[in-house]
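Only the coordinates and a few stated rules stand behind these numbers; no lab work does. These numbers come from a predicted model, not from an experiment. Neighbour counts run over all protein chains shown; Cβ positions are idealised from the backbone, glycine included.
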Amino acid sequence: MSGGPVRVLLADDQALFREALAMLLGVRDDIEVVGEAGDGAQALDRVGELRPDVVLMDLRMPVLDGVAATRRLRVEQPEVRVIVLTTFDDDEEVFAALRAGAVGYLLKDASSAQLVDAVHAAARGEAVLQPSVAAKVVAQFARFTPEPAVPRLQPLVVPLSERELEVLRLLAGGRSNREIAAALFLAEGTVKNHVTSVLGKLDARDRTQAALRARDLGLL
């Protein structure tokens, strides 16, 4: 994306919800709502026309549902990041959306701060999961990943500090930098530096991979 505001498309079959979301995000200078869609097929058309950075995608929509639309976008517009925004958090919905290519999964009861943080994180290429959803992902990974005969990862060359371990445990639970800062009474910029250090020491691309690597190393 460019250095301007994050361009967002809203895809939801409930017009009132789209309008409320557009008003919520529209007051910000760092986010621009470039369009809306009432179903998955319309979302695909609007993405082609408007080239958003991020799509906030509902799951259960007419014509083409959110999972199918996300799967198409991953193939046709791979640079567009999809965050699922829905009322459903059962395992089947969560994993279908993530397998389809969604980089984020939030529930509609998320706070405005969580939503704004998620939009910016997705635009930066990061994965964004609501804490309850992140817990499902970690549990699923643990359930279906057999114990290796030998350790898959070597011990860290540079160990994590106590503060970095605290940050790691919170980010593994799906907390945003802002929420971690509040929990640990730190400045958000300080938390961002700790997160960067944690990702580097764990050789992880993003927060989700960091949580999985930390689990393999017995840090969680």
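Overview of values
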read-out	value
Footprinting exposure proxy for L106, L50 (fewest neighbouring C-beta atoms within 10 Å first)	L50, L106
Whole-number percent relative contact order across region 150-216, with pairs defined as alpha carbons under 8 Å at least 6 apart	35 percent
Calculated FRET value between A15 and A110, using beta carbons and R₀ = 25 Å, to 0.05	0.80
Packing-based exposure ordering (other Cβ within 10 Å, fewest first) of S197, S161	S161, S197
Contact order relative to length of the chain, as percent, for alpha carbon pairs under 8 angstrom and 6 or more apart	13 percent
Span-like helix ranges in the chain, DSSP H, alpha carbon extent 18 angstrom or more, Kyte mean at least -1.0	131-144, 188-202
Per residue, the convex hull volume that the Cα atoms of the chain enclose (Å³)	126 Å³
Two-site FRET efficiency, R60 against D206, from Cβ-Cβ distance with R₀ of 35 Å, rounded to 0.05	0.80
Lysines with Cα under 20 Å of K192, excluding same-chain neighbours fewer than 8 positions away	K201
Spatially proximal lysines relative to K108 (Cα-Cα < 18 Å; intrachain offsets below 8 disregarded)	K136
